[in-house]
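Beneath this line is the structure, given in structure tokens, with notes to follow.
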Amino acid sequence: MTRILFTGAQGTGKTSVMNMISNNVPKIQNITRSIAKTNDLPINTNGTDDSQKYIFYVYNDALDTNGFFVSERSLIDVLAYTLYQASIGKCSGETVRAQERMLKTFVKNHPDDMYVYFPIEFEPVADGTRSIDKEYQKAIDEYIYDALEFFKVNYIKVTGTIEERTKQVNELIKIYNK
């Protein structure tokens, strides 16, 4: 069964599109924001080994389920943020390697998943949780794109306005939600 997993840097329209698709579609969303607030976890450029590990495990558990759903993020996203944190010395190589191994297993176990890549086309909007630093956003986007290619997952890129992106996602939902 194919599930649809959004992937993209912060501020690329994933949440907006998710909020515009039908409420009749099973959704997984707001995990990072929820657990960051509930557990007072540092995220974005403040993320640590412990926070990145916890976020990865929570996503892995949430996404490793059967049945059709659309997810606002994927394990590729979590890995991208961990890679960035490692590049600035806030996460260890051990954490990166563990996440890469787990992601490889996840992809192997879910070969039919369709990833929907949201490239940067908008200015980041402050929401009190995510970073609006454009350089940080660009770095995360590069890590995500590289991971999509490296792990050889099925993906499409959605572009245009939020409405145009929503239309593209709704077409995928029609194809895969059977």
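The values are calculated or read from the model by the stated rules, or taken from the named source; none is laboratory data. Note that the structure is predicted; figures quoted are calculated from it, not measured. Glycine gets a Cβ as well: all are built from the backbone with ideal geometry, and neighbour counts include every protein chain shown. Protein only, heavy atoms only, side chains kept; ligands, DNA and RNA dropped before computing areas. Shrake-Rupley method; radii C 1.70, N 1.55, O 1.52, S 1.80 Å.
Before moving on, here are some points about what is shown:
- Look at the stretch 93-114: where a residue is over 28 Å from residue 170 (Cα atoms) and a partner is among the small types (Gly, Ala, Ser) and not in a loop (DSSP other than H, G, I, E, B), sitting 6+ places away or on another chain with Cβ atoms under 7 Å, you get 93/86; 96/86.
- Among (1) touching a Lys or Arg at 6+ places or on another chain (Cβ under 9 Å); (2) surrounded by fewer than 18 Cβ atoms within 10 Å (Cβ to Cβ); (3) part of a helix (DSSP H, G or I), the one test that residue 171 misses: (1)
- Some residue of the stretch 17-25 being within 20 Å of residue 97 (Cα to Cα), crowded, with 17+ Cβ neighbours inside 10 Å and out of contact with any helix residue (DSSP H, G or I) (no Cβ under 7 Å at 6 or more places or on another chain): no
- When the stretch 125-159 is filtered for residues that are open to solvent by 20 Å² or more (accessible area, probe 1.4 Å) and either of a type in the set (S, T, N, Q) or at positive phi (or both), the ones remaining, listed by number, are 128, 129, 131, 152, 154, 159.
- Selection of the stretch 48-73 for residues being without any contact (Cβ under 8 Å) to a residue 40 or more places away in the chain and of a type in the set (D, E, K, R) yields 50, 61.
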